[in-house]
Amino acid sequence: MATFSFLDKLSSAIIDQYQDTISNIVIILPNKRARIFLIEALKKQLPGTLFAPEIVSIEDFIQDVAGIRTCDNIELLFEFYDVYLELTPPEKQQSFELFANWAKTLVQDFNEIDRYLLKPSHIFSYLKDIEDIKHWSLDLEKRTTMIENYLEFWKLLPLYYESLYDHLLRKGIGYQGLIYREAVENLNHFSEALGSKKLIFAGFNALNQAEEKIIQQLLFNDQAKVYWDIDAAFLNDSFHDAGLFVRRFKKEWKQYTTQPFEWIVSDFSQEKNIRIIGTPKTVGQAKIAGKLIEEIQLETESLDKVALVLGEENLLIPVLYALPSSVESLNITMGYNSKNNPAQILINKLFKLHTNAVQRNEKSYVFYYKEVLDILTHPLVEPYVKAGSLVQVINRNNITFLTYKKLFEIQEKPSALFQLLFEKWDNNDVGQVLDRLSQIILTIKSFLNNDKEEDKLSKTFLYSIFKVINKLINYHEAHPKLDTVSTLYTVYKQVIDLAEVSFEGEPLTGLQIMGVLESRVLDFETVIVTSMNEGKFPAGKTMNSFIPYDVKRELGLPTYKEKDAIYSYHFYHLLLRAKNIYLLYNTESEGLDAGERSRFITQLEIEKQPAHHLSHQIYNAFLPDKAYEPVSVPKSDRVMVRLKEIATGKGFSPSGLTTYMRNPIQFYNQRILRISEVEEVEENIALNTLGTIIHATLEELYKPYVGKFLSFTDMDWLFAMADSEVEKQFRLVYKEGEISKGKNLLAFEVAKRNVYNFLKEEKCQLEAGDAVKIIALETPLKRTLEDSRLPFSVKIAGNVDRIEQRNGKIRIVDYKTGKVLKNNVQLKEWTGLTEDIKNDKIIQLLCYAFMYEEKTAGLEMEVGIVSFKNMRGGFMPFGRKVEKDYETIVTSEILADFRTQLVMLINEILNPEIPFEEQIK
């Protein structure tokens with residue numbers, strides 16, 4: 001049995017009844033979207049060429065009846081604010097930002113009251129009485145100013161309503177509810193002026209009181225005809241929400257006692273294949289939708305009768321990426337939320353950058369580095385602003401805050417775009433700011449290439465925000481209260497919610513991607529619906545209103561119950577004439593996008609029609625046997641060449657050898673590939689930076705005494721110079737980072753304390769009789785390791801912090817800013833020395849000893865660590881366990897044993913058969 005779409009059926013009825021007078025009828029549809037499809041359906045059935053009938057949306061029709069222009073929400077708020085200022089004494093007037101918070105909700109309530117033709121004075125007095133009752137127990141003298149103001153607000157509601165209503169009427173503009181109320185008042189005049197024109201209302205479901213009254217009156221005057229689109233399964237079931245509204249109209253409208261009710265169909269009970277598919281997370285649904293479309297295309301070749309209905313608009317971009325490349329044409333008929341629009345994100349970041357810059361220091365205009373980098377690295381800015389060197393300077397010098405002057409000093413010869421982005425904003429010159437934002441968008445647009453698909457998309461994003469900026473320019477010219485950047489930002493955040501991105505596409509061919517509301521009146525053979533979860537489809541129990549739920553129920557205003565019924569109708573209408581239906585939902589019960597399966601799916605299962613074929617599937621992501629496979633890199637010929645280059649050139653450093661022990665892949669990345677860490681601003685001093693500062697301070701303090709024995713007088717001078725040297729090294733190492741407050745100030749004090757403790761320990765040792773001669777500081781050591789067990793001679797090289805002669809012995813000292821304990825440098829057995837990373841400090845120390853061995857001039861040698869987090873431990877020497885004690889003198893026998901271990905480690909590094917394998921912690 002062939003199934004005809006509602007619009008095909010409607011066009012047949014129109015041609016049958018009005019073919020000779022088709023240009024004399026007006027067809028009213030629930031939305032503008034269906035107009036194109038109806039014209040196409042009429043073209044297919046009309047025998048020749050003639051003037052098409054007028055086709056309008058219900059909102060445009062009501063505006064024509066009322067003769068009043070609609071105004072958008074922000075314009076309405078400004079008009080309301082003008083009224084509010086006239087009614088409110090100066091001392092009680094709120095700023096526009098505060099006013100907008102409650103006025104937006106209040107206007108929504110005004111809108112509902114008018115659309116349902118309720119008596120405003122009755123409702124507002126009712127609400128006031130409710131609030132009075134809530135506070136009746138408080139004596140008048142005990143009422144606070146806040147409570148008095150609160151109750152005063154409810155008293156003023158009728159005055160706000162009447163004044164705003166009259167104010168808008170005088171200007172010939174209005175919100176939707178006002179236009180509907182005025183349309184009802186003007187209906188008789190409109191009806192008389194209609195003449196011989198015939199009105200056809202088609203595809204409606206939920207109607208407000210004003211729409212009901214208008215349509216009923218026109219039906220009574222025999223000037224209109226209504227074509228419903230309701231299935232008998234929904235209409236005859238008194239509990240089915242999909243038929244809630246139409247069931248009531250059929251029962252209560254007097255016209256249907258004498259006139260036929262058209263149309264009741266029985267398409268829902270026809271054969272349908274319904275696949276219910278659950279998968280984890282939103283992106284999983286996008287992937288499955290793409291796969292389904294690929295399968296459908298292979299079967300049918302054409303996607304003209306396929307609709308992908310997104311329950312959540314933020315699924316649009318993942319879906320577009322998931323579509324197969326074989327989809328040549330598609331039409332997106334849903335708005336894309338401006339919050340995810342990259343052009344909007346850029347404008348939002350600019351507001352944040354400049355408003356914060358003024359608040360920090362109005363005179364010098366100080367930028368925070370993260371806000372600057374956010375803009376410079378934005379995808380719409382980075383390719384065109386030419387500020388790579390500026391980003392490097394900020395990261396390299398740890399510049400946390402930049403004055404306006406400093407920013408333009410670093411960026412030599414700033415481009416026009418750079419100047420537009422960062423030149424100062426005058427907080428009181430809103431016009432200048434808006435003009436600047438407009439120029440920024442136009443400048444970025446000038447860089448884009450029409451031939452590139454990604455640039456076309458960028459232009460679409462830019463254009464939607466350009467329209468918003470132009471709208472704000474118009475608001476600013478019309479409303480002087482928009483006088484500061486902070487107010488402008490408040491308005492911008494509210495306007496941007498309305499700035500949906502409109503995508504270009506071919507409306508009648510290819511895949512149709514749409515939202516739920518855009519699917520009204522349309523029929524498709526194959527329907528894929530995503531986000532079939534509670535809270536998404538249907539939307540859930542949200543109510544932003546000053547009118548309580550029970551009052552709405554009593555007065556006949558819509559509540560979430562009616563909103564759910566509207567969603568129910570849209571959902572079942574999508575399924576009505578479809579043959580293949582795919583319902584996707586998120587199986588996750590936790591997380592931001594989680595939620596239980598939609599009640600609509602359960603309803604389909606419980607009320608299953610005999611001809612419906614339901615199937616359930618759960619798609620899970622492929623899970624490998626192992627959560628993570630360690631990286632393994634074989635030693636290619638080029639790698640072996642690089643290893644030999646290191647071994648015979650710069651040499652293996654002690655830290656390089658311990659890096660290999662810790663993680664061979666890290667060694668591979670750092671030493672073989674020479675990949676260094678990305679430079680970033682160090683907002684808080686890192687431990688390695690703190691260590692560098694302490695090392696450099698001690699080097700500079702002791703440098704004048706190299707080759708000399710230390711005296712008590714020398715120590716007094718070192719104490720006197722310590723603080724200033726620490727500060728100097730902070731400036732050299734941390735550059736322009738902030739050290740005068742916060743965590744960095746604490747780190748600065750820690751560095752001073754560590755240096756002070758080291759000097760104090762040194763002085764104590766001198767007082768105890770130690771004779772200390774500084775031999776070298778931060779000096780490079782190197783030695784070639786020649787051994788028959790190695791494939792070739794290998795160089796060992798590295799820097800040692802301090803070499804001294806103490807009490808007739810050579811002592812090599814390694815500073816550690818971390819905590820080291822005595823047992824960390826004590827060795828019991830040689831076996832497995834290079835296999836356990838816990839021995840890393842022993843290996844480092846013995847490498848220093850090996851490199852310096854030939855320079856001891858016959859003196860005994862010790863190597864050890866001074867830990868700044870364990871100063872009580874003092875100098876902790878390497879010790880080799882001999883019987884019950886530890887031998888701290890590094891003898892030639894110890895070095896010979898160590899040499900064997902070192903050769904084993906280097907042979908492993910140089911072995912082409914042993915790959916670099918990642919160590920998993």
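The values are calculated or read from the model by the stated rules, or taken from the named source; none is laboratory data. Everything numeric in this text was worked out from a predicted model, so none of it was measured. A quick note on method: Cβ atoms are made from the backbone with ideal geometry, for glycine too, and the neighbour counts reach across all protein chains shown.
The condition of being buried (at least 19 other Cβ atoms within 10 Å of the Cβ), under 30 Å from residue 395 (Cα atoms) and either of a type outside the set (Lys, Arg) or in contact (Cβ under 8 Å) with a residue 24 or more places away in the chain (or both) holds for only one of 488, 420, that being 420. As a summary of the residue check, residue 619 satisfies the conditions (1) surrounded by 11 or more Cβ atoms within 10 Å (Cβ to Cβ); (2) modelled with pLDDT of 90 or more; (3) in contact with a strand residue (DSSP E or B) (Cβ under 9 Å, 6 or more places away or on another chain) except for the one numbered (2).
Considering 281, 272, 251, 225, the condition of being buried (at least 19 other Cβ atoms within 10 Å of the Cβ), among the charged types (D, E, K, R) and farther than 29 Å from residue 54 by Cβ is satisfied by 272 alone. Across segment 329-343, not a single residue is classified as buried (at least 18 other Cβ atoms within 10 Å of the Cβ) and touching a His at 6+ places or on another chain (Cβ under 9 Å).
Kindly evaluate residue 880 against the criterion of being more than 24 Å from residue 631 (Cβ to Cβ), basic (Lys, Arg), in a helix (DSSP H, G or I) and modelled with pLDDT of 90 or more. It would help to see each step written out before you state the result.
Values: more than 24 Å from residue 631 (Cβ to Cβ): yes; basic (Lys, Arg): yes; in a helix (DSSP H, G or I): no; modelled with pLDDT of 90 or more: yes.
So residue 880 fails the test.
Of the residues making up segment 235-278, those that are β-branched (Val, Ile, Thr), over 30 Å from residue 588 (Cβ atoms) and in contact (Cβ under 8 Å) with a residue 12 or more places away in the chain are 246, 264, 265.
Among residues of segment 309-319 being in contact (Cβ under 8 Å) with a residue 60 or more places away in the chain and of a type outside the set (Gly, Ala, Ser), the one that is surrounded by the most Cβ atoms within 10 Å (Cβ to Cβ) is 310.
Does segment 859-877 contain any residue that is part of a helix (DSSP H, G or I), of a type in the set (A, V, I, L, M, F, W, C) and either surrounded by 13 or more Cβ atoms within 10 Å (Cβ to Cβ) or at pLDDT below 95 (or both)?
Checking segment 859-877: at least one residue is part of a helix (DSSP H, G or I), of a type in the set (A, V, I, L, M, F, W, C) and either surrounded by 13 or more Cβ atoms within 10 Å (Cβ to Cβ) or at pLDDT below 95 (or both).
Among the residues of segment 433-462, not one is touching a strand residue (DSSP E or B) at 6+ places or on another chain (Cβ under 7 Å) and either over 26 Å from residue 352 (Cα atoms) or at pLDDT 90 or above (or both).
In segment 398-429, how many are in a loop (DSSP other than H, G, I, E, B) and of a type outside the set (S, T, N, Q)?
Within segment 398-429, residues that are in a loop (DSSP other than H, G, I, E, B) and of a type outside the set (S, T, N, Q) number 9.
Out of 88, 70, one residue alone is crowded, with 17+ Cβ neighbours inside 10 Å, modelled with pLDDT of 85 or more and either closer than 17 Å to residue 555 by Cα or of a type in the set (Val, Ile, Thr) (or both). It is 70. Could you tell me which residue of segment 883-897 is surrounded by the most Cβ atoms within 10 Å (Cβ to Cβ), considering only residues that are of a type in the set (A, V, I, L, M) and assigned to a helix (DSSP H, G or I)? Ranking the candidates gives 894 first.
For the condition modelled with pLDDT of 90 or more, over 50 Å from the mean Cα position of the chain (by Cα), surrounded by 13 or more Cβ atoms within 10 Å (Cβ to Cβ) and farther than 25 Å from residue 786 by Cβ, residue 808 does not qualify. If the condition is being touching a residue at least 60 places away in the same chain (Cβ under 8 Å) and aromatic (Phe, Trp, Tyr), then segment 508-557 contributes 524, 537, 546.
Does residue 3 qualify as being at pLDDT below 85, among the β-branched types (Val, Ile, Thr) and either in a strand (DSSP E or B) or farther than 22 Å from residue 264 by Cα (or both)?
Numbers: at pLDDT below 85: yes; among the β-branched types (Val, Ile, Thr): yes; either in a strand (DSSP E or B) or farther than 22 Å from residue 264 by Cα (or both): no.
No; evaluated as a whole, the condition is false for this residue.
Whether any residue in segment 644-655 is at negative phi, assigned to a loop (DSSP other than H, G, I, E, B) and modelled with pLDDT under 90 is what I want to check. First the steps, then the outcome.
Filtering segment 644-655 down to residues at negative phi leaves 644-650, 652-655.
Those left that are additionally assigned to a loop (DSSP other than H, G, I, E, B): 649-650, 653.
Narrowing the set further to residues that are modelled with pLDDT under 90 leaves none.
No; the residues of segment 644-655 include none that is at negative phi, assigned to a loop (DSSP other than H, G, I, E, B) and modelled with pLDDT under 90.
When segment 436-452 is filtered for residues that are surrounded by fewer than 14 Cβ atoms within 10 Å (Cβ to Cβ) and closer than 18 Å to residue 348 by Cα, only 442 remains. Listed by first and then second residue, the pairs with beta-carbon distance under 6 Å, at least 6 apart or on different chains, first residue in segment 392-405 and touching a residue at least 12 places away in the same chain (Cβ under 8 Å), second in a helix (DSSP H, G or I) and of a type in the set (A, V, I, L, M), are 393/410.
Of the residues in segment 351-360, at least one is free of Cβ contacts under 8 Å to residues at least 60 places away in the same chain, polar (S, T, N, Q), closer than 22 Å to residue 436 by Cβ and out of contact with any strand residue (DSSP E or B) (no Cβ under 8 Å at 6 or more places or on another chain).
Applying the selection to segment 785-810, what residues are in a strand (DSSP E or B) and either farther than 18 Å from residue 901 by Cβ or basic (Lys, Arg) (or both)?
Start the filter on segment 785-810 by keeping residues that are in a strand (DSSP E or B), which leaves 785, 794-806, 809-810.
Result: 795, 797, 799, 800, 801, 802, 803, 804, 805, 806, 809, 810.
Quick one: in segment 814-861, of everything that is under 50 Å from the mean Cα position of the chain (by Cα) and among the β-branched types (Val, Ile, Thr), which residue is farthest from residue 873 (Cα to Cα)? Here the answer is 834.
One residue is enough: does segment 465-472 have a residue meeting the conditions surrounded by 16 or more Cβ atoms within 10 Å (Cβ to Cβ), outside the structural domain of residue 289 (by TED's automatic domain parsing) and within 28 Å of residue 282 (Cβ to Cβ)? Yes, because at least one residue in segment 465-472 is surrounded by 16 or more Cβ atoms within 10 Å (Cβ to Cβ), outside the structural domain of residue 289 (by TED's automatic domain parsing) and within 28 Å of residue 282 (Cβ to Cβ). Which of the residues spanning segment 743-765 are of a type in the set (Phe, Trp, Tyr) and more than 38 Å from the chain's Cα centre (by Cα)? Selection gives 756, 758. Set side by side, the residues 249, 201, 190 differ, and just one is within 30 Å of residue 168 (Cβ to Cβ), at pLDDT 90 or above and over 44 Å from the mean Cα position of the chain (by Cα), which is 190.
For segment 540-626, which fully contained helices (runs of 4 or more DSSP H) count at least 3 residues that are farther than 30 Å from residue 123 by Cα?
Values: elements: 549-555, 560-576, 599-606.
Qualifying helices (runs of 4 or more DSSP H): 560-576, 599-606.
Only a single item in (1) surrounded by fewer than 13 Cβ atoms within 10 Å (Cβ to Cβ); (2) in a helix (DSSP H, G or I) is not met by residue 395, and it is number (1).
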